[in-house]
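Student: Take this structure first; my questions come after.
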Amino acid sequence: MRIPLDIPPGLSADDTSFAAAGRWADASNVRFHRGRPQVIGGWERLVEAPLSGVCRGVLAWTDKGAVLNVAFGTHSKLQVFKGGGLYDITPAGLAAGLVDGTGGQGYGTGAYSTGNWSEPSSGDYFPRTWSLAAWGENLMACPREGAIHAWTNNTGSPAAALSNGPARVTHMLVAPTDQVFALGCNEEVSGIFNPLCLRHSSVRNNNQWNTDPATTAREYILPGGGRIVAGRVIGPYLLVWTSHALFLGSFVGSVTQPWRFDRVGEKCGLIGPNAAVVVGQQAYWLGPDLQFYRYGLGGAVEPLPCPIREAMTDNLAASQGDKIVASSSSSFSEIRFDYPDARDGTENSRQLRMSLSDGAWSRGIMARTAMIDAGPSQYPIGVDPDGAAYWHERGQSADGGAFSWFVESADQCLNENSTAMVRGLWPDMADQVGPVSVSVNGRFTPQGDETSSGALSMAPGAERVDLRTTGRMFRVRFAGGSAPTACRIGRPVFDIAPAGSR
């Protein structure tokens, strides 16, 4: 008897193996693409020298000469990769920020030894993150809680603060109308920082911020409490998240109010400034409640089901939610969330991926503190906690070394009333590079002891692998870890013989 292994795409890990029968249960560094598990691409160094500090922001853009520029904002520096070199363009006098978050206001928060003993902190303590955007061929860069700076593509000169702009800004973005937005900033008249104040410059003039009738600079205060966390451009519109809600910014062109901000979702705030990504006309993000959300233009905010969320919610490093990074991979039509898992420390160490084609989720172990999609760069760009910047989905190795991957099924129950013996496997692999091991574990009851075939190696092009495992239900695991390594698993067929009704 020959039975094909034909499992639907995506992991189902938040239930028991028997309840998730017929599904994939666990994986690392494997995505589901076109309905089948496939090893992710490799990564190669973008620049040999490491960045200075822990990177929390990346932006790629091109100048008028079509030269690729890549800006990196770390907790201590602002650097740019240009023409094959790495240059320091840190604004003069900018002190290093925090590497780790220590929580918001309240008792027991704040950095160690700051303030009076046993008193609650009066400030917020967040890791230094950056908001980066292109202004034509130039760079706009804003360290969280700092001023907005501009860099004019001269590698010998640092970025400089915009004249007349707010002195303290939570997040910055550039609108399609060529206006720079300060999200969470000082109010114009009083100069007092308001976490719900939103200001923008005049059209095509990023140094004009006064709200005279002769300018197009204006100020808005969002309702609803909380604080502004971040914003994103989505088509001709803006999305602005607070810690509580989501607002849609629309350009209406009125002299007195060029933009209008409408609340389009409540109790769906953003956990951190880098935890949202826009793909086309859809936005995806992680909220402070550790729930994934989705919003499309013209629609409503809706929770995004994730059947592998439990491991993240149980192990997210305390007070480090601001480090979470959401990104996309246009080549594979997927989104990705890198997060800090307390089992590994306080830096981003693991990831969750979701295919936008069929909603299939997967996960992996990989340390990346910043990540952006390809375009205008040829490949996605990621940075590890040690400052190494990489091209991703390039090659089939970890910068020349090996990386591990696996995908494992939940129980596959052939017949609850009879036992079977798995005798062999006919592989169905595409683009296999390096050996792939397969193991089959069998058991007779959902919580019974397992017997294993052991990990048996399959070379590229192997026609059959002989196995011997008996049970009523079986778990199948494919794995690799060579340099290079690659594989796409199709519809392998198991050779099975009846073994009685024990």
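Student: Using a 10 Å cut-off on Cβ atoms, rank the peptides 284-296, 222-234 from the highest mean neighbour count down.
Tutor: Top to bottom by mean Cβ count within 10 Å: 284-296, 222-234.
Student: Sorted from largest to smallest, which semi-axis lengths in Å does the alpha carbon gyration tensor of the range 283-397 give for its equivalent ellipsoid, taking the root of 5 times each eigenvalue?
Tutor: Calculated on Cα positions only, the semi-axes equal 21, 20, 12 Å.
Student: If each of Asp14 and Asp289 carries a label point 7 Å out from its Cα toward its Cβ, how far apart are those two points in nm?
Tutor: 1.2 nm
Student: I'd like the Karplus ³J(HN,Hα) series for the range 327-343: coefficients 6.51, -1.76, 1.60, θ = phi - 60°, whole numbers in Hz, and an x wherever there's a Gly or Pro.
Tutor: Per-residue couplings from phi come out as 8, 10, 10, 5, 5, 10, 6, 9, 10, 9, 10, 9, 9, x, 9, 4, 5 Hz.
Student: To continue, here is another question. Return the sequence-ordered ³J(HN,Hα) values of the range 355-362 in whole Hz as given by the Karplus equation 6.51 cos²θ - 1.76 cosθ + 1.60 applied to θ = phi - 60°, using x for Gly and Pro.
Tutor: Each residue's phi maps through the Karplus curve to give 6, 6, 7, 9, x, 6, 9, 9 Hz.
Student: Size of the dipole of the range 365-438 about the Cα centre, Lys and Arg at +1 and Asp and Glu at -1 on the beta carbon, nothing else charged, in debye to 20?
Tutor: 120 debye
Student: Now for a separate question. How big is the range 29-68 along each principal axis, measuring the range of its Cα positions in Å and listing the largest first?
Tutor: Sorted largest first, the three principal extents are 40, 29, 19 Å.
Student: Same structure, new question: Rounding to the nearest 20 debye, state how big the charge dipole of the chain is about its Cα centre with +1 on each Lys and Arg Cβ and -1 on each Asp and Glu Cβ. Don't skip to the answer; put the middle values down first.
Tutor: Details: 41 positive and 46 negative charges, 135 e Å.
For this selection, approximately 640 debye.
Student: Report the dimensions of the range 190-329 along its three principal axes from the alpha-carbon atoms, largest first, rounded to Å.
Tutor: For the range 190-329, the Cα spread along each principal axis is 54, 33, 27 Å.
Student: I need the P(r) histogram for the range 1-42: all alpha carbon pairs, bin width 5 Å from 0 out to the longest distance, whole percents.
Tutor: It works out to 5, 22, 25, 21, 17, 7, 2, 0, in whole percents.
Student: Between Leu68 and Val233, take the C-beta separation as r, use R0 = 22 Å, and let me know the FRET efficiency to the nearest 0.05.
Tutor: The value I calculate is 0.60.
Student: Separation between the Arg34 and Asn207 pseudo-spin-labels, each 7 Å from Cα along Cα→Cβ, expressed in nm?
Tutor: Inter-label distance under the simple model: 5.4 nm.
Student: Can you list residues from other chains, or at least 5 along the same chain, whose modelled amide H is less than 5 Å from the amide H of Arg227?
Tutor: Counting only residues 5 or more places away or on other chains, the set is Ser243, His244.
Student: Could I ask something else about it? With label points built 7 Å along Cα→Cβ from the Cα atoms of Val433 and Ala483, find their separation and express it in nm.
Tutor: In this crude label model, Val433 to Ala483 measures out at 1.3 nm.
Student: May I ask you to give the average projected area over all directions of the convex hull of the Cα atoms of the range 311-462, in nm² rounded to one decimal? Mind dumping the intermediate values first?
Tutor: Details: hull surface 49.1 nm².
It is 12.3 nm².
Student: Using the 2.2 N^0.38 Å rule of thumb for compact globular proteins, work out how the range 356-430 stacks up: its C-alpha Rg over that value, please. Write down the numbers at each step before the final one.
Tutor: Working: Rg = 19.1 Å, N = 75, 2.2 N^0.38 = 11.3 Å.
So the range 356-430 has a normalised radius of gyration of 1.68.
Student: Then there is this: Evaluate 2.2 N^0.38 Å with N set to the residue count of the range 452-502, then give the Cα radius of gyration divided by it.
Tutor: 1.37
Student: For the chain, how big is Rg over Rh, using alpha carbon atoms and the Kirkwood form of Rh?
Tutor: We get a ratio of 1.04 for the chain.
Student: Same structure again: How big is the gap, in Å, between the Cα center of the range 326-398 and the Cα center of the range 201-259?
Tutor: Result: 30 Å between the Cα centres.
Student: Once you have the alpha carbon radius of gyration of the range 159-240, what is it after dividing by 2.2 N^0.38 Å, with N set to its residue count?
Tutor: On the way: Rg = 12.0 Å, N = 82, 2.2 N^0.38 = 11.7 Å.
It is 1.02.
Student: Moving to a separate point now. Tell me, what does the Kirkwood hydrodynamic radius of the range 424-480 come to in angstroms if you use every pair of distinct C-alpha atoms?
Tutor: Result for the range 424-480, one decimal place: 12.0 Å.
Taken together, the values in this text are just the output of simple stated rules run on the coordinates, not laboratory data. Not measured: the values here are computed from a predicted model. A quick note on method: Cβ atoms are made from the backbone with ideal geometry, for glycine too, and the neighbour counts reach across all protein chains shown.
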